[in-house]
Amino acid sequence: MTTYTRSPLAKDYDAVVDVWNHDRLARFALEYERTLKGSRKYGDIRRALETQDQTGCVLYLAAGIEIVVHLADELSGIPRRLAFATASAFRDRLLDTPVIIHPRQPEVPFRQLLEGVI
């Protein structure tokens, strides 16, 4: 289910999604990265993500693994839950999608990041 919020977010997400993760409701922001942006734009995105605290987790989906890896490199280290995956993997596995949370760490199932997120 997609949620529309009346309160302004620091970043304009493609969607804010509520899902059932086992027996708990979880909320995450969803972004779809169609093309790569310049470093300056990723700096702006980084600042917006650092100041936003209304969603517990942000999932970035992209068409290809090259974009996913680039996003993880550009945005990792922000003190919040960020996850990166291909759109096709998410379509196939949904909450069980293996996601990158940091370029130098192993992938984890997306549902693990959602635990405790409302």
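The values are calculated or read from the model by the stated rules, or taken from the named source; none is laboratory data. These numbers were taken from a predicted model, which means no experiment stands behind them. Cβ atoms come from the backbone with ideal geometry, glycine included; neighbour counts cover every protein chain shown.
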(request) For residues that are assigned to a strand (DSSP E or B) and either farther than 21 Å from GLN112 by Cβ or of a type in the set (Asp, Glu) (or both), tally how many sit in region 16-61. (result) 4
(request) Scan region 36-54 residue by residue and report those that are of a type in the set (Ser, Thr, Tyr) and more than 16 Å from the chain's Cα centre (by Cα). (result) SER39
(request) Could you please find all residues in region 97-118 being hydrophobic (A, V, I, L, M, F, W, C) and surrounded by 14 or more Cβ atoms within 10 Å (Cβ to Cβ)? (result) VAL99, ILE100, ILE101, VAL108, PHE110, LEU113, LEU114, VAL117
(message) Let me confirm something: among ARG111, ARG91, ARG81, which residue is closer than 27 Å to ASP23 by Cβ, among the basic types (Lys, Arg) and within 10 Å of the chain's Cα centre (by Cα)?
(response) ARG81
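Look through LEU94, LEU59, LEU82 and report the one residue that is within 20 Å of ARG24 (Cα to Cα), aliphatic (A, V, I, L, M), modelled with pLDDT of 95 or more and buried (at least 19 other Cβ atoms within 10 Å of the Cβ).
Going through LEU94, LEU59, LEU82 in turn, just one is within 20 Å of ARG24 (Cα to Cα), aliphatic (A, V, I, L, M), modelled with pLDDT of 95 or more and buried (at least 19 other Cβ atoms within 10 Å of the Cβ): LEU59.
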(message) Which count do you get for residues in region 65-108 that are touching a Pro at 6+ places or on another chain (Cβ under 9 Å) and in a helix (DSSP H, G or I)?
(response) 7
